[in-house]
Amino acid sequence: MSSLTVRQNFELIVDSKRSLHLIIEQIIMLEAESNYTLVHTKDGNSCLLARCINAFDEELTRYGFLRVHKSYIINPQYVLDYIGKERKILLENNLCAPIARRKKSMIRVSSIRKIIGKYPRMNINL
């Protein structure tokens, strides 16, 4: 199993043998499925990778991605709505990610305010 690498053009190389390259800014969300990870992209495609979601966590956090749940990593650039009462985040392409109870206050306080400033088109329901 090859390691994850990031090129200067923000391209995540998941598997150099299969030439699977993902452009980081195109990733909307990563979703864990047992020991696999489903990557959802801006163009509406998704791909299932034979790696657990933890393999992506540290690398993508450097690029502003948020681990909102043990099974979900999101790109805040694609957040459309935050529903605090239901503890979920709505993203582009009709995607939705739950927020873990333990991460709700961290997400609301530290991250959502930053997102609002960068992406004013969002609706925030705290």
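Listing ARG101, ARG67 from fewest to most neighbouring C-beta atoms within 10 Å gives ARG101, ARG67. Residue order for THR41, THR61, fewest other beta carbons within 10 angstrom first, comes to THR61, THR41. The length gained on full extension between LEU48 and ILE23, counted as 0.36 nm times the residue separation minus their Cα-Cα distance, comes to 7.4 nm.
Would you mind ranking HIS21, HIS69 by Cβ crowding within 10 Å, fewest neighbours first?
Working: HIS21 13, HIS69 22.
Going from sparsest to densest Cβ surroundings: HIS21, HIS69.
Among the trypsin sites (Lys or Arg not before Pro) found in segment 28-62, those both in a DSSP coil and sparsely packed, with 10 or fewer other Cβ atoms within 10 Å of their Cβ, are ARG62.
With the simple model of a label 7 Å out from the Cα in the direction of the Cβ, ILE83 to ALA55 spans 3.3 nm.
Throughout, read-outs are computed from the coordinates displayed, never taken from laboratory work. Here the structure is a predicted model, which means the values were calculated and not measured. With ideal geometry, Cβ positions are generated from the backbone for all residues, glycine too; neighbour counts draw on all protein chains shown.
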